[in-house]
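Structure record follows, encoded as structure tokens.
The values are calculated or read from the model by the stated rules, or taken from the named source; none is laboratory data. Predicted model, so just to flag it, every value in this text is computed and none were measured. Note that each Cβ is placed from the backbone with ideal geometry, even for glycine, and that neighbours are counted across all protein chains shown. Each accessible area value is taken on the protein alone, full model and side chains, heavy atoms only, with ligands, DNA and RNA left out. Shrake-Rupley method; radii C 1.70, N 1.55, O 1.52, S 1.80 Å.
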Amino acid sequence: MLGSNPNYSNVQIKELLVPCGPWSNDLNDTERNLAEAMQANLLRLLPAFKAGLLHDKSIPEELANKLAEGAMREVRELPEAAQKYSKWVFATAVRNDLPWTSRTTPWQEPPGYDIYDYVVRPLPQESETS
């Protein structure tokens, strides 16, 4: 995508797997700091899911509390089943010195590209499932 833009060169796509907590003894200082930051961010994020469940009123408050407490405990204690990684994909490029030019051809999805490989597929509407 970015590689077809005439304003950029040296386009690189990088993938980074970040541990969801500092559970490994094999982490260097940078990896450990990143893992601790990821764990802290998860602990800040989980209450938002609980708030969403409570706002939706689709499940009882007691169940929402149990789910939230269990998720928080799992992130804090990191049992073997929770020792996971979060995958981050990002692009870098170098902007050239030429005046800005528009793309000469519109972007086309590459063969085999499926947006739902990158985002969560939406749930079908109730009328579609009935």
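Data for the structure
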item: Where labels lie 7 Å past Cα in the beta-carbon direction, separation of N5 and R95 in nm; result: 0.9 nm
item: Test item: Cα-centred dipole of the range 60-120, Lys/Arg +1 and Asp/Glu -1 on Cβ, debye; result: 300 debye
item: Two-site label geometry, T105 and L43: point separation in nm, points 7 Å out along Cα→Cβ; result: 5.2 nm
item: Global geometry of the range 1-54, whether rounded, prolate or oblate, following the gyration tensor of its Cα atoms and the 1.5 cut on a/c; result: oblate
item: Folded to 0 to 90 degrees: helix 29-56 orientation relative to the chain principal axis, Cα; result: 70 degrees
item: Among 50-63, 86-99, the order from most to least packed when residues are scored by Cβ within 10 Å on average; result: 50-63, 86-99
item: Apportionment of accessible area to carbon and sulfur, the chain, percent (1.4 Å); result: 55 percent
item: Which label in (1) 18.0; (2) 14.7; (3) 19.0 gives the computed Kirkwood radius over Cα pairs in Å; result: (3)
item: For the range 1-92: accessible area per residue (Å², 1.4 Å); result: 72 Å²
item: Magnitude of the charge dipole, the chain, Cβ model with Lys/Arg +1 and Asp/Glu -1, debye to 20; result: 320 debye
